[in-house]
Number of protein chains: 2
Amino acid sequence: VKIVIVGSGAAGATAAQFARKSNREAEIVLLSRETYGEYSKCGMPYALSGVVDSFEKLIEYPPAWFQRMGIEIRPGSSVRGIDAPARSLTVGSPSGDEESLHWNTLILATGARTRIPPIKGATRPDGRPVEGVYTLRTLDDARAIDEALAGPKRCLIVGAGLIGLEVAEAVMARGKNTDALVGVVDIAPHLLPGMIDEDIARVVQKAAAGHCVPFMLCSAVTSIRQDDGIRAELHAVASDDRSEIAADMLIVAAGIAPEVELARAAGCCIGTCGGIVVDGRCGTSVDGIYAAGDCTEYKDFITGRLAAVGLGSVAVRQGRVAGTNAAGGDDSMPRGLLNSRTTRLFGLEVAAVGPTLAQLKQDGIEPIVGKATGSSLPEYFPGGMSITAKVLAHPDDGRILGAQVIGEEGAHLRANAFAAAILNRMTIEEFSKLETCYAPPVAPTFDVITLAAEAARMRWKRGASPAS
Amino acid sequence: VKIVIVGSGAAGATAAQFARKSNREAEIVLLSRETYGEYSKCGMPYALSGVVDSFEKLIEYPPAWFQRMGIEIRPGSSVRGIDAPARSLTVGSPSGDEESLHWNTLILATGARTRIPPIKGATRPDGRPVEGVYTLRTLDDARAIDEALAGPKRCLIVGAGLIGLEVAEAVMARGKNTDALVGVVDIAPHLLPGMIDEDIARVVQKAAAGHCVPFMLCSAVTSIRQDDGIRAELHAVASDDRSEIAADMLIVAAGIAPEVELARAAGCCIGTCGGIVVDGRCGTSVDGIYAAGDCTEYKDFITGRLAAVGLGSVAVRQGRVAGTNAAGGDDSMPRGLLNSRTTRLFGLEVAAVGPTLAQLKQDGIEPIVGKATGSSLPEYFPGGMSITAKVLAHPDDGRILGAQVIGEEGAHLRANAFAAAILNRMTIEEFSKLETCYAPPVAPTFDVITLAAEAARMRWKRGASPAS
């Protein structure tokens, strides 16, 4: 059996590892465009900030590790063609040679690229960014930004999502000069628009204000021109105002687009989110071809519709399933994506699971909303920290659809409890009565997760019109 | 409608509050033996240690609070008789008067008393402890211990359960002299025997060793005599050795016994654990009489059998249900007790839910065991803390029966996720695939809770004989 894996990111590297675990005999070839082996993309903002003290530390599995596992890793490979019926790939090596590679099963883990929004002057004809414009997708991208930030640079960030804010905090943490960050621009009216609701985002924004982050929301960079650095034209959508910002570099973190050229050439079904459609076994529409990670789309647990996979955690889980199945084993994903997500920004841990309020409304669901803020300890006990939980539930049956948690600590672990609840279709009624742990030095009698569910339940019982 | 509540602990006080919330017209009488109103019993070890800086801070709802809520609280009351068919109580007031009190619904929240094991010379004929012997059940108990500890006293603690260890840590924290704590004695072979398994207890014991706590396990204090302080005879059960320890005071924390005299006189069914049997609506076997808190026993979610309620968190939840129902509302408990429990000892947070391994074995179940230790952050990220999770699952269907978590932080929130899983009869297979939150500054790709489930799943798949 020969298993070929394209891509050595979280999904591809995990697939290789689990293919090996499931099948000690199989020939496993891991094609990697880069030369580092597998590294943590999610960790890159922290190597930029200096919290992680070198880029090398982000490399979790160097090429030698794969070799020790009996996985033939080929760094610097580029896939130039595919003949799916013949189960064969054309692969270019770093030396320029071209080779035909046969597979019994193929795993596509081609990842995604940074999507550059339509900013006049920001890209070359081939789509790559011009000088002074950066994206953060690969370790080489991160190193380029690191070099650019070494001097006293004014940095403008496009995108107030997860990556944009993590990079913004990193830029400020380097803190050579106070005006290192001249702006964080987003077309959305609040921070982290895909991740959390506006009310929770305001808590993050308030914390960021203490760090003097210059947010420019409801705004877009429409064009840039090179003139003693970069002059970026900013369009404030609501007021239709246009202004100009001077910067030395632009970092674009405004979302990703799945890399699916190879899958498309192989005849794999591409979904409405632009990703390779996979089932619970990570199979594509083409027999013998599996896919995993950011290049795929998979069923959302709540909506039942296909959704883009854009989380490292899901990539690893899919990689495991794809690798196991491609090697003749049997593994499968849960019934759908929960999109459990978290980060730490400006001293706050933020976590969420399931759709946001805006996403539910787009789906025509006006959820029951419950929110509670409480201390992590009983009132009389010193050292308690404030934590806020918000829960969204279906107005028909009260089952929990999504949740968001924010506080200095413990947000993601609370979101994990909500994840278990959502997966089991628990209602706010049941969840409000969850027997949580209590002890004065550890936790109050009722955790905010149950209080948020209780607030939603009370609202539901009163038959109040769903909150906006 | 007249609602009479006997006992103003967590259960009784909460019952009064929710009776009032459910029924604005009802006459509510709250009979309290003590004079403080409602205070946190669980917080008392921390007022002893000085972490909470006064005993007054433990009073969450003073008598005036109840009065403001329109609840007639009667501090210093003693109930002297009951005529259940006539729905009437005989109540003694602090001034010595006696009064007959009629009820429409009665809530018994009489709590429990400290069980003093058979130690010759430790108790008076009426069962109360002799001079130099202390228990910790009421605020007055706590104050008495506080006064006794004010001088340089050698303290011997009987019981290495939750309360015993919390008090042991408090005694050491006061730290006037290094030999303030001369011993913590327990008949069990490991710490926290009812709470966690031996392997997890060893982690606590190792942490305690750093604090030089003198444990005397597999041992019992069999008798004491007063002789220039207290001479306690210690019986080491395994070796049958007997020795003597000199101490100035003995603190007995070896479990509790439900206070059910009144319930028994009322004709309420008393269960095998010695508690008042209640259903999910906190009803007793006598019409119109409800009960809540440590005086009750309720169905265990896993075993389906009646189990003693000994947790403040459950007392509050039952109080709410009893109060609401007694006032004509409608509320109920979850299908059974999960016994979610936690504490912080010697720098470690310990949490557990469901039966321990020993308890399952007593029930004839040889569970599948999975255990995992990991860091709270990815390896390359600074500041990660070690955390261990252990899961116990049913060998027939793999459903999770219990879990234990220990680490510097985040143990109880992980136990809460397990609680949601157990309540929904999730299997280790499903739980191992739970989509947990991931971000380098917050959490690793797989949380230890899923890794423990995965370890159990692997063991199960291999069909290995259940672990001991």
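The values are calculated or read from the model by the stated rules, or taken from the named source; none is laboratory data. On a predicted model such as this, the values are computed, not experimentally measured, just so you know. Here Cβ is always computed from backbone atoms with ideal geometry, including for glycine, and neighbour counts include all displayed protein chains. Note: accessible area is taken over every heavy atom of the protein model, side chains too, but ligands, DNA and RNA are not part of it. Shrake-Rupley method; radii C 1.70, N 1.55, O 1.52, S 1.80 Å.
Numbers at a glance
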{"quantity": "Within the range A:422-458, considering residues that are basic (Lys, Arg) and surrounded by 20 or more Cβ atoms within 10 Å (Cβ to Cβ), the one nearest to residue A:358 (Cα to Cα)", "calculated": "A:457"}
{"quantity": "Of all residues in the range B:434-468 being β-branched (Val, Ile, Thr) and closer than 17 Å to residue B:371 by Cβ, the one that is farthest from the other protein chains (Cβ to nearest Cβ)", "calculated": "B:448"}
{"quantity": "Residue in the range A:362-369 that is part of a strand (DSSP E or B) and within 14 Å of another protein chain (Cβ to nearest Cβ) present", "calculated": "no"}
{"quantity": "Residue check, residue A:316 closer than 18 Å to residue A:28 by Cβ, hydrophobic (A, V, I, L, M, F, W, C) and within 14 Å of chain B (Cβ to nearest Cβ)", "calculated": "yes"}
{"quantity": "Where a residue in the range A:406-433 is more than 8 Å from chain B (Cβ to nearest Cβ) and without any contact (Cβ under 8 Å) to a residue 40 or more places away in the chain and its partner, wherever it lies, is surrounded by fewer than 24 Cβ atoms within 10 Å (Cβ to Cβ) and among the small types (Gly, Ala, Ser), with Cβ under 6 Å and at least six apart", "calculated": "A:427/A:398; A:429/A:398"}
{"quantity": "Any hit, the range B:17-35, residues being among the aromatic types (Phe, Trp, Tyr), touching a Lys or Arg at 6+ places or on another chain (Cβ under 7 Å) and either at positive phi or within 14 Å of chain A (Cβ to nearest Cβ) (or both)", "calculated": "yes"}
{"quantity": "Within the range B:1-18, considering residues that are aliphatic (A, V, I, L, M) and not in a strand (DSSP E or B), the one modelled with the lowest pLDDT", "calculated": "B:1"}
{"quantity": "Tally, over the range B:338-348, of residues that are in contact with a strand residue (DSSP E or B) (Cβ under 9 Å, 6 or more places away or on another chain) and either within 16 Å of residue B:456 (Cβ to Cβ) or open to solvent by 10 Å² or more (accessible area, probe 1.4 Å) (or both)", "calculated": "4"}
{"quantity": "Test: residue B:392 is among the hydrophobic types (A, V, I, L, M, F, W, C), away from every other protein chain (no Cβ under 13 Å), closer than 26 Å to residue B:198 by Cβ and buried (at least 24 other Cβ atoms within 10 Å of the Cβ)", "calculated": "yes"}
{"quantity": "Odd one out for residue B:333, checked against (1) within 8 Å of chain A (Cβ to nearest Cβ); (2) within 16 Å of residue B:406 (Cα to Cα)", "calculated": "(2)"}
{"quantity": "Out of B:264, B:335, B:281, sole residue that is in contact (Cβ under 8 Å) with a residue 40 or more places away in the chain, more than 30 Å from residue B:25 (Cβ to Cβ) and surrounded by fewer than 19 Cβ atoms within 10 Å (Cβ to Cβ)", "calculated": "B:335"}
{"quantity": "Odd one out for residue A:386 among (1) in contact (Cβ under 8 Å) with a residue 24 or more places away in the chain; (2) open to solvent by 40 Å² or more (accessible area, probe 1.4 Å); (3) of a type in the set (Gly, Ala, Ser)", "calculated": "(1)"}
{"quantity": "Sole exception among (1) within 30 Å of residue A:386 (Cα to Cα); (2) open to solvent by less than 10 Å² (accessible area, probe 1.4 Å) for residue A:218, by number", "calculated": "(2)"}
{"quantity": "Test: residue A:363 is out of contact with any Asp or Glu (no Cβ under 7 Å at 6 or more places or on another chain), modelled with pLDDT under 95 and surrounded by fewer than 18 Cβ atoms within 10 Å (Cβ to Cβ)", "calculated": "yes"}
{"quantity": "Filtered residue count, the range B:71-123, keeping only those that are aliphatic (A, V, I, L, M), under 28 Å from residue B:283 (Cβ atoms) and open to solvent by 20 Å² or more (accessible area, probe 1.4 Å)", "calculated": "3"}
{"quantity": "From the options B:372, B:419, residue that is open to solvent by 10 Å² or more (accessible area, probe 1.4 Å) and either closer than 30 Å to residue A:45 by Cα or assigned to a helix (DSSP H, G or I) (or both)", "calculated": "B:372"}
{"quantity": "Pairs, first facing chain A (nearest Cβ under 8 Å) in the range B:45-71, second surrounded by fewer than 16 Cβ atoms within 10 Å (Cβ to Cβ) and among the hydrophobic types (A, V, I, L, M, F, W, C), C-beta under 7 Å, six or more apart", "calculated": "none"}
{"quantity": "Residue match in the range B:340-348 (condition: among the charged types (D, E, K, R) and closer than 14 Å to residue B:109 by Cβ)", "calculated": "no"}
{"quantity": "Residues within the range B:11-28 that are touching a Phe, Trp or Tyr at 6+ places or on another chain (Cβ under 9 Å) and small (Gly, Ala, Ser), tallied", "calculated": "3"}
{"quantity": "Qualifying residue in the range B:344-352 (condition: among the basic types (Lys, Arg) and out of contact with any helix residue (DSSP H, G or I) (no Cβ under 8 Å at 6 or more places or on another chain))", "calculated": "yes"}
